[in-house]
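The values are calculated or read from the model by the stated rules, or taken from the named source; none is laboratory data. Treat the numbers as computed from the prediction; the structure is a model and nothing was measured. Here the Cβ positions follow ideal geometry from the backbone for every residue, glycine too, while neighbour counts run over all protein chains shown. To get the accessible areas, we keep the full protein, side chains included, count just its heavy atoms, and leave off ligands, DNA and RNA. Shrake-Rupley method; radii C 1.70, N 1.55, O 1.52, S 1.80 Å.
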Amino acid sequence: MMQNKTGRLKLLQNNNWKFMFGDYPEAKDFQYEDSSWYDIGIPHSFGIPYFQENEFYVGYGCYRKVIYVDESWAGKRLSLEFQGAFQDAEVYLNGQLAGVHKGGYTAFEIDITSYVVAGENLLFVRLNNNWNPRIAPRAGEHVFNGGIYRDVSLLITEPVHISWYGTYVTTPFVSREEAVIDINTEVKNETDSFVTCRLVSVIEYKGVEVIRCSETRQLQAKSQMVFHQSDTITAPKLWHPDTPKLYVLKSYVYMGEELYDSYETVFGIRWFYFTSDKGFFLNGEHYDINGANVHQDHAGWSDAVTHSGIQRDVKMVKDCGMNFIRGSHYPHHTVFAEECDKQGILFWSENCFWGTGGPKEEGYWTSSGYPIKEEDQFEFEESCINTLKEMIRTNRNHPSIIVWSMCNEPFFSTAEVMDKAKNLVKRLVGVSHEEDPTRPAAVGGAQRGGFDTLGDIAGYNGDGATIFHDPGFPNFVSEYGSYEESNRPGSIVSGEMDMDYPWRSGKALWCAFHHGSILWNMGYLGMIDYYRLPLNLWYWYRETLLGIKQPEPVKEGTPYAVRITSDRTCIKTDGTEDAFIMVEIIDQDGNRIANSMEVELEVISGGAVFPTGKRFVFSPEKRNFYEGLGAIELRSYYAGENRISAKANGLVTGELIINSAGDYVWENQKRKELLPPPSVQGFPKSDKSFNIGVSRPVFASSEEPDYAARNVTDQGSTKPWRAGKKKSGEWIMVDLEGTKPVNRGELFFEEVNSKPYEISISSNGVDFEVIAVGKDKAVNSFLDISLGGKSFRYFRVLFPEEAAAILRIKLFN
């Protein structure tokens, strides 16, 4: 009879943590007094509560937790898995440094076997989110809150076991008739002696076995070996966004007749390819990719999002008829790809080598994307490579992932290091091919500087799809739109979907959700707001793609009551689930009305919390309650019944009960409730003036061949823009990709100008304010334009008569 060892255990460790802002290295010791520290659960962010402010806490945060080790685990291998900690982590067990990890977006494992004892063990994590010139990203249009913001688990295995994320399933040949399945499994022997082990691999579909392979190998002491197994499935169930069918690989490691380890891997069978002339093909058929970019953060909780929050995000993209998500602009939680697998969404998984427009001054996340100091460059490149490898290893079995992206807009680096930035992208492409030769390596945001030729697929943002209309190699519109920064309900505008050509593989809207940003109002460009309520643009997509009519606008009426509802009646208390709470103002007939007012939510009883604690306030002034509707997520780390009320002055109060299920019961424990960060930092003040128009998108009414509109913001170009038509009304327009304050502008004509002109600015690309007019046939070739700190997104030069050639447009903060 086969016997079974304790085998593999994976225990979530999201409950019962202590946290404090600041650096407390002495807190690694058991005797340290932490009663003044906050009681928190994981996922957690330094920024909680965070509501799209440009400023955020920068510095250290320290975490403590007692981990219990059972006596029966003696002789086992124990490790901690962190799904994400931003961004420089030191992990201590019982006062000893067990491991470190640099990089804020990828999962990592720390072996703690030699540091633990039976019984109680102190886990201490010293973490900081300081800007680091040697850690990617150095720049980005997002927010960079620190924290252990993804799950933490304790892993227990035998010394002979399958490595962490050690299975790799590929399908070198797939047709509708059969599929060849290759299974690579890393098995580790961490004992001091030679062992013989047997790997049994079983593939099931909906619980029915379809493949069984067995192989026996010998492993040297303290060694690792990859088992290679292969078999064929007839009439495979193909994964497709319309039919996301999934298989399960069950891997068993035996020593003699004794089972030492078991591990499950979910995967899918499909085949796909990108072409330069006919677009994208999935399972042998042409497939139109239409999707959106997604950042990970949610209202109040920042990046500390639950699995159910991720599930809702993927579903909202799917529900408007889209079939694709670009993970902007960093590796997302592994659960994100799992949800794409399950729900049927193609996924572009991106590395965090990232640049952004704006001042290029060291010390903040608007710095040069690639390091300008030589002493920082080696470690930075290693950071990019390590993150790429970690992203691929932990996500390589997901059928939804069709591309690994190396970067986003790396051309936002200073001119003197641009060649090094390009060489790094080439290195990353090579690493991607080595780590996973089954997927192409894309270059995201490749519309400037010649980056688009460095990978297998070029991803064009902004004006890139216009500049490189048909580049002759596989290409993708990785960002287009949105043109209006707004809250709900937003204008009823049509998305920019007239960019479909046979050679183009697909397109992705910028962006699906409002998000945090360090740069002014650039986080307000989603088709869904930060609280996960749709704007009118989402409804427009749903009508266009699925034929579901847009809802009629809600009108004001006579308020009677507050209605409170939830997407679920019970949530887990292990940090993986939350409840999506919606609040509506209704009339006496129960119809929602558009009256907006202050509404206060309160947890009357139970252990549940909002990101702001036991109370949360909606109001139009807080930009979270419009047209009589608001939403927020609620979570609990304690089991029991939670009663939540929703009150508004003069209205009938709404009440809701949500149950929470888990190991720790709410008994009105005394807790040190989390308070907001003690300080925040924003964009650093500087007396320097920077040209924030460098490499920004440029659009024009027409252009001559070789005299493109993009030349006017291209720091390396010596050619001007010339209109392609000699007629009145020609124009050229710089897009700052978000509303920004500008103090002055410089306009350089190619030669002494004798053409009348009109200069205007706009925040939405529709309504323009004229700020300068050259009515008297100006004779100067250079204009210095005072803008006085006006905030705008678009800067347009229009020619009432024939257009003059423009060499450069500069816009200074």
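Collect the residues in the range 515-548 that are among the small types (Gly, Ala, Ser) and under 17 Å from ILE325 (Cβ atoms), keeping them in residue-number order. Within the range 515-548, just GLY526 meets the criteria.
If you go through the range 391-413 one residue at a time, do you hit one that is among the aromatic types (Phe, Trp, Tyr), outside any helix (DSSP H, G or I) and in contact with a Cys (Cβ under 9 Å, 6 or more places away or on another chain)? No, the conditions are met nowhere in the range 391-413. Here the strands (runs of 3 or more DSSP E) wholly within the range 587-704 that include at least 3 residues being under 30 Å from GLU409 (Cα atoms) are 698-700.
Any chance you could count how many residues in the range 508-525 are open to solvent by less than 10 Å² (accessible area, probe 1.4 Å) and under 13 Å from HIS142 (Cβ atoms)?
Counting residues in the range 508-525 that are open to solvent by less than 10 Å² (accessible area, probe 1.4 Å) and under 13 Å from HIS142 (Cβ atoms) gives 10.
Pairs linking a residue in the range 395-409 that is of a type in the set (Asp, Glu) to a residue that is part of a loop (DSSP other than H, G, I, E, B), with Cβ atoms under 6 Å and 6 or more positions apart or on different chains, are GLU409/GLY355; GLU409/GLY445.
Only residues that are farther than 18 Å from ASP500 by Cα and among the β-branched types (Val, Ile, Thr) were counted across the range 445-469, and they come to 1.
Here is a list: GLY47, GLY103. Which entry is in contact (Cβ under 8 Å) with a residue 60 or more places away in the chain and at positive phi?
Details: GLY47 fails: at positive phi.
Selected residue: GLY103, the only one of GLY47, GLY103 that is in contact (Cβ under 8 Å) with a residue 60 or more places away in the chain and at positive phi.
Within the range 200-221, residues that are free of Cβ contacts under 8 Å to residues at least 24 places away in the same chain reach partners that are open to solvent by 20 Å² or more (accessible area, probe 1.4 Å) and β-branched (Val, Ile, Thr) with beta carbons closer than 7 Å, at six or more positions or on different chains, in the pairs THR216/THR196. If we keep just the residues of the range 369-392 that are surrounded by fewer than 24 Cβ atoms within 10 Å (Cβ to Cβ) and in contact with a Gly (Cβ under 9 Å, 6 or more places away or on another chain), which is nearest to SER349 (Cα to Cα)? My answer is GLU390. Tallying residues that are within 30 Å of THR356 (Cα to Cα) and touching a Cys at 6+ places or on another chain (Cβ under 7 Å) within the range 128-165 yields 2. I'd like to verify a number: residues in the range 449-476 that are in contact (Cβ under 8 Å) with a residue 40 or more places away in the chain, assigned to a loop (DSSP other than H, G, I, E, B) and of a type in the set (Phe, Trp, Tyr), how many? Within the range 449-476, residues that are in contact (Cβ under 8 Å) with a residue 40 or more places away in the chain, assigned to a loop (DSSP other than H, G, I, E, B) and of a type in the set (Phe, Trp, Tyr) number 1. In the set (1) in a loop (DSSP other than H, G, I, E, B); (2) open to solvent by 20 Å² or more (accessible area, probe 1.4 Å), MET20 fails one condition alone, (1). Screening ASP776 on (1) of a type in the set (D, E, K, R); (2) surrounded by fewer than 16 Cβ atoms within 10 Å (Cβ to Cβ); (3) modelled with pLDDT of 90 or more shows it passes everything except condition (3). Only residues that are open to solvent by 20 Å² or more (accessible area, probe 1.4 Å), part of a loop (DSSP other than H, G, I, E, B) and touching a strand residue (DSSP E or B) at 6+ places or on another chain (Cβ under 6 Å) were counted in the range 724-773, giving 5. LYS810 fulfils the conditions (1) in contact with a Pro (Cβ under 6 Å, 6 or more places away or on another chain); (2) open to solvent by 40 Å² or more (accessible area, probe 1.4 Å) except for a single criterion, (1). Once the range 306-351 is narrowed to residues that are part of a loop (DSSP other than H, G, I, E, B) and more than 11 Å from the chain's Cα centre (by Cα), the residue that is nearest to TYR539 (Cα to Cα) is CYS320.
For the range 566-586, name all the residues that are assigned to a strand (DSSP E or B) and hydroxyl-bearing (Ser, Thr, Tyr).
SER566
Scanning the range 235-264 for residues that are open to solvent by less than 10 Å² (accessible area, probe 1.4 Å) and either assigned to a loop (DSSP other than H, G, I, E, B) or out of contact with any Cys (no Cβ under 8 Å at 6 or more places or on another chain) (or both) gives TRP239, PRO241, TYR247, LEU249, SER251, ASP261.
In the range 709-723, the qualifying residues are those that are at pLDDT 90 or above and open to solvent by less than 40 Å² (accessible area, probe 1.4 Å), and the one that is farthest from GLU362 (Cα to Cα) is ALA723.
Taking the stated definitions as given, is GLU204 assigned to a strand (DSSP E or B), of a type in the set (D, E, K, R) and within 31 Å of the chain's Cα centre (by Cα)? No: the conditions fail for GLU204.
Inspect all residues belonging to the range 545-565 and state whether any of them is under 29 Å from the mean Cα position of the chain (by Cα), assigned to a strand (DSSP E or B) and buried (at least 23 other Cβ atoms within 10 Å of the Cβ). No, that holds for no residue.
Of all the listed residues (TRP520, TRP540), the sole one being touching a residue at least 60 places away in the same chain (Cβ under 8 Å) and among the hydrophobic types (A, V, I, L, M, F, W, C) is TRP520. In the condition set (1) of a type in the set (Asp, Glu); (2) part of a loop (DSSP other than H, G, I, E, B); (3) over 24 Å from the mean Cα position of the chain (by Cα), GLU26 is compliant with all but (2). Taken as a whole, the range 608-627 holds at least one residue that is open to solvent by less than 70 Å² (accessible area, probe 1.4 Å) and of a type in the set (Asp, Glu).
Looking at ALA442, ALA446, just one residue is assigned to a strand (DSSP E or B) and within 20 Å of the chain's Cα centre (by Cα), and that residue is ALA442.
Determine whether ARG448 is basic (Lys, Arg) and in contact with a Ser or Thr (Cβ under 6 Å, 6 or more places away or on another chain). So ARG448 fits the description; yes. For the range 658-695: of the residues being modelled with pLDDT of 90 or more and of a type in the set (A, V, I, L, M), which is nearest to MET418 (Cα to Cα)? Per the stated criteria, the residue is VAL680.
Residue count for the range 339-363 satisfying the condition of being over 19 Å from ILE289 (Cα atoms) and either surrounded by 24 or more Cβ atoms within 10 Å (Cβ to Cβ) or in contact with a strand residue (DSSP E or B) (Cβ under 8 Å, 6 or more places away or on another chain) (or both): 10.
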